[in-house]
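Written below as C-alpha cells is the structure these notes are about.
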Amino acid sequence: MKIPFVDLHAQYLSIKTEIDGAIASVIADTAFIRGPQVEAFERAWAATVGVKHCVSCANGTDALYIAMLALGIKPGDEVITTAHSWISTTETITQAGGRVVFVDTDADTFTIDPALIAAKITPRTVGIIPVHLYGQACDMDPIMALAAKHGLWVIEDCAQAHLATYKGRQVGTFGNISTYSFYPGKNLGAYGDAGGIVTNDDRLADWMATFARHGGKGEHIMEGINSRMDGLQGAILGAKLPHLRAWTEARRRVAARYDELLTGVGDLVLPKIAPGRDHVYHLYVIRTAKRDALRKHLSEAGISTSLNYPKALPYYPAYAYLGHQPSDFPNAYANQSRILSLPIYPEMTADALAAVADAITTVF
Ligand SMILES: Cc1ncc(COP(=O)(O)O)c(C=O)c1O
C-alpha cells in the first residue's frame, strides 16, 4: 500500500465543485492579482482568527519580513526565536537587518522554552518570535509577560498552526502581529504560494498593506516590495476556509488513532501536548533512537515520511557564523537525529493509518 505524506488530490476531489467554481470566477473576472476574491478572503481570515485586519501577501516568509519592518526593526536589533523551526523564521530577521538570537525548545513540545528567554534579553533586544511548531501553541503567557516587562514586540509565527488555541484563545491574537503561510501543504493551503499577516493595530495594518504593494498604488508614499496574493489563491482559500474546522478535527482524529496504536511501541516518544495548549496536527512527529532505520523501513514499505527538520537551525551552515555548540541547545540538538514526521492529512483512511502503525510496530 503506497501512502503519501499528504494527499492534496484527495482533498481537491472532496470539494471539486467548489474549487472549480472559485477558479472559474477569477478567470471570469480576470482578477488575477488581488481583486474581490482576495479581499473577501482577507475579511474572512481576519474574522476567523478574531482580529481586525488581515493583510494578504505572497507567502508566509514575506509575511514575517513585512511584519518586522512594520515594527521598525533597525540594523543590529536582536530578535529572539526558537532553535527549532523552518528557516523562514530566522532568514527574515537577518534580511530585515536584525540579528538572530536562538533559544532552545522545551523537552516535550518542540516549542520555545520561555524559561530560557530572559537570559537572552540584552539592551539590543527588540522582539520575540514564538513559532507554534507542528501545530501546537507555544506557552504564550510567560512569553507575553516577558515582552511586556522588557518592552518587546511579539510576532507569532502561525504558519503551522491555523486555528490552534492557547488557554482557549486562538493563536494569532496574542502578538502585535501574527503571520500565516498558506503554502499548499499547510492546514489551510492554496494552490501555490500565499501568506497572510494579521493584527489589531490599524496603523500597522495600513503600513504593511502599503509596503507590500509597492508603497501605495498611484501615490507611492514610500518604496515597498511586490508581495501580493494572486486572485486564484484568494478564491481557492476562500472556498477551502469553510472546511477548515472539520479538517482540523479530522487531523485530530488521525493523531488520536496514531496515539492509540503506537503507545508503548519500542522507544517511541509520541507528540505531547502541554497543559492549556492545543494542537492542530499540521505534523505528527514521533521520536526514536532508531529514526533512520525506521524511516528506511517505512520507505521500503511505500510509506512517505519527512524530517521537519533535518537539523536544528543553529547547526545549519547558514548560522555557522554564530559558532553554536550542541550544548547550547541540547533539546533541539538531540531532536534533530530522533524526529520523524508520519503521514497525516484529513482524508487519511483508517486502513492507511493502520498500515503505517503496523509497519512501525514491525520494526520494533
Ligand atoms: C514555521 C514556518 N514559518 C514560516 C514559513 C514560511 O511560509 P512560506 O513557505 O509560505 O513562505 C513556514 C513554511 O513552511 C513555516 O513552516
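Using a cutoff of 8 angstrom between alpha carbon atoms and counting only pairs six or more residues apart, the relative contact order for the chain works out to 23 percent.
Counting neighbouring beta carbons within 10 Å and listing from fewest to most, the residues VAL363, VAL154 come out as VAL363, VAL154. Computed with the Debye formula from one identical point scatterer per Cα of the chain, without solvent, the log10 of I(q)/I(0) at q = 0.10, 0.14 Å⁻¹ comes to -0.62, -1.20. Coupling constants for segment 300-311 follow from the phi torsions by the Karplus curve (6.51 cos²θ - 1.76 cosθ + 1.60, θ = phi - 60°), and in residue order they are 5, 8, x, 9, 7, 10, 8, 10, 10, 9, x, 9 Hz; glycine and proline get x. Please work out the C-alpha center-to-center distance from segment 104-176 to segment 315-363 and express it in whole Å. Between the Cα centres of segment 104-176 and segment 315-363 lies a distance of 21 Å. Considering only alpha-carbon pairs that sit under 8 angstrom and 6 or more positions apart, the relative contact order computed for segment 207-334 is 11 percent. Sparse packing (at most 13 other Cβ atoms within 10 Å of the Cβ) combined with a DSSP loop state is found for the following GluC sites (Glu not before Pro) in segment 171-266: GLU219, GLU223.
Computed from the coordinates by the stated procedures, all read-outs in this text should not be read as laboratory data. None of the values given here were measured: they were computed from a predicted structure. For neighbour counting, all protein chains shown are included, and Cβ atoms are generated from backbone atoms with ideal geometry for every residue, glycine included.
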